[in-house]
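Structure first, commentary second.
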Ligand SMILES: [Zn+2]
């Protein structure tokens, strides 16, 4: 989509890299590195210069050796603005292969991008240092001069010079290690397959590793900081399962030579799919399944599966340019859920994915949404693509297509696509072409309506007719990115049983009475039934499939926020759930209670608490605080949701006092620990804050650390929240701090006070936190819906201080904020009376 000739950030195709030979020597204490690289490049058109990417590197020398063996020194000119370096050999380069050689130095930064450094405290209390990489999207150029575009694939032969006592890892297996006699050793790795620069990785530090296990010929290890060996076995189990699952699903062997799954103490993303050398933040890899909650364990399964899916979809076959990142990430998200669902079918992972789809649809109903596939020109544009629209909306759109076509036809199309484009690059149309071949349908015509325009439709079923219109929470104040019409892969079935039918819905058409729309619940669209039709569906509520029930509840809550149905009608429908054991369904209800708690007048709050108790107490009576032998697999997650509903919104005395007792005794089971901390925070005693902080500082388990960081944000006293904010500025790891600030901003009572503190330290915080996390941190403002004055102040400040990456996400969050404010102003006046009518019928 980007015009190559006019985009100053793009490299030409006249010079293409073929092979890199890279030697790097990091100095962990001095936070610097020295390196040299040889690149064999193919000259595709006569040229007098070679242009590649480099950023924050000092290049001391560059030479070029021609095919006849003569070597010339090159002039070096760096353009920092476009992150490019131009080498001028002073001769005309004719077609053929030449070798470029450069020596350079750089800084091991602390921004968690490129080649960076971080520290951690080992079990003996000693501070240790590591150096590691995060190249995606466009930061390989910070580690070595390179042709840093995904389509410029090449092989990489990497060597590292490291201290004798440090371990070193890269994409390929180690082929040799020799002592250099000066306290250093030279570790050489085998050449990689042809791949993109953003997948290059090297990791150096005092790491330990499990013994490799043999997964049908592929050695698999987990690598971790010292003292964490006991948290590694579960990752090996899911790693082996995923490798086998994907090898079978794709019908193609694993494309690399080995797999290392590496836990990094400071990591900006969840994980990164470097071929054969996958890096993770600790919470996404290291876990004790006995003491962790289901959701914490599920996260490890999800992320390991997601990254391993990328080995094929992303690493073997790669998008040609960053506008195609959705293809990588949406597909890996889709495969992650599919693999997790195969690993533990009893977890119902496709149902909980509904919650993630809701998060994406909430953004996608904003007029400031964007199309899933979106033009990318600069590196900042590329970095701004890693959002819920790329991952969760993209993944759910693929699931909708898969369920429409049938799982085997869809898989056949994927196999064709991967086989045809192995080791190469693609555009989205290549995937549609393969799926069209497999299905005999024009898939591009259908999917372009979902990929190339923003928003999603509302399907209306009323008076025997079915039709579509764009869904939004209100009118646009300016231009809208929400599309007009979609080709909707529509699944329907009779409510009283019978087979599911598939059709493409475009214009209005007739529909038989008693039909369930969005059968299975896979659609990325909303459904609104007329009152007669809704009564029929509601009468079948408990016999619907769990995801169908989830979708009906979620669609009704969206309709309430859009002003199409009343809040009271939504809670009446929720009351009809009875003792449904599906946690995802109750998460929507709990979220609705929490949203209402942000807009309700204080005088009416007791009515809301009483409604929360009315909805959740029947479930609590079954579930209690403790797991029961033989209980349903979904009970633990539901228990946590119910405890939050009762303890926080419901202010239930029994739950509150029991939560405090368990907190004081430090006897919280993993499944309910986070919920208990939330309840304790909502009670608001400052001594409990001090206890949480002490336990955070003593934590050695990544999940426990996470829980206490979030727990610290649950107190309502602004002074306590400001203490937590100060920790974010100073002590907390920069991989975590932005997310803690997000939780603080989302604190119903203290959010505005924390926002003021954030404004006062805005530049300092932006300089400290990783760039990719800044818009995620600010997303906390979307929940500050209690006051229009506050919302306007927030919007004024953030628009006057735009962040460099992800400003589109910030605009979406600001629009969400004002949607919420309008919801509050519309609902607040009659809310107390309506809720009292529900609880005292
Ligand atoms: Zn991914």
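Observations, loosely collected:
- Filter pass, residue 189 being at pLDDT 95 or above, over 27 Å from the mean Cα position of the chain (by Cα) and surrounded by 21 or more Cβ atoms within 10 Å (Cβ to Cβ): yes
- Segment 259-304, residues that are in contact with a strand residue (DSSP E or B) (Cβ under 8 Å, 6 or more places away or on another chain), assigned to a loop (DSSP other than H, G, I, E, B) and within 14 Å of the ligand (Cβ to nearest atom): 267, 268, 269, 270, 274, 275
- Test: residue 363 is within 16 Å of the chain's Cα centre (by Cα), within 16 Å of the ligand (Cβ to nearest atom) and either surrounded by fewer than 24 Cβ atoms within 10 Å (Cβ to Cβ) or at pLDDT 95 or above (or both): no
- Residue check for residue 701: at pLDDT below 95 and within 27 Å of the chain's Cα centre (by Cα): yes
- The requirement of being in a strand (DSSP E or B) and touching a residue at least 12 places away in the same chain (Cβ under 8 Å) is satisfied by residue 117.
- Residue match in segment 737-759 (condition: without any contact (Cβ under 8 Å) to a residue 12 or more places away in the chain and surrounded by fewer than 21 Cβ atoms within 10 Å (Cβ to Cβ)): yes
- Odd one out for residue 474 among (1) modelled with pLDDT under 95; (2) under 23 Å from residue 400 (Cα atoms); (3) in contact with a helix residue (DSSP H, G or I) (Cβ under 7 Å, 6 or more places away or on another chain): (2)
- Test set (1) within 15 Å of the ligand (Cβ to nearest atom); (2) more than 17 Å from residue 246 (Cβ to Cβ) - residue 320 fails condition number: (1)
- Segment 419-472: number of residues that are touching a strand residue (DSSP E or B) at 6+ places or on another chain (Cβ under 6 Å) and part of a helix (DSSP H, G or I): 1
- All helices (runs of 4 or more DSSP H) inside segment 307-396 with 3 or more residues being in contact (Cβ under 8 Å) with a residue 40 or more places away in the chain and in contact with a strand residue (DSSP E or B) (Cβ under 9 Å, 6 or more places away or on another chain): 325-343
- Test: residue in segment 80-89 that is out of contact with any helix residue (DSSP H, G or I) (no Cβ under 7 Å at 6 or more places or on another chain) and over 25 Å from residue 321 (Cα atoms): yes
- Residue check for residue 413: under 13 Å from the mean Cα position of the chain (by Cα), assigned to a helix (DSSP H, G or I) and either more than 16 Å from the ligand (Cβ to nearest atom) or buried (at least 23 other Cβ atoms within 10 Å of the Cβ) (or both): no
The values are calculated or read from the model by the stated rules, or taken from the named source; none is laboratory data. Computed from a predicted structure; not experimentally measured. Here Cβ is always computed from backbone atoms with ideal geometry, including for glycine, and neighbour counts include all displayed protein chains.
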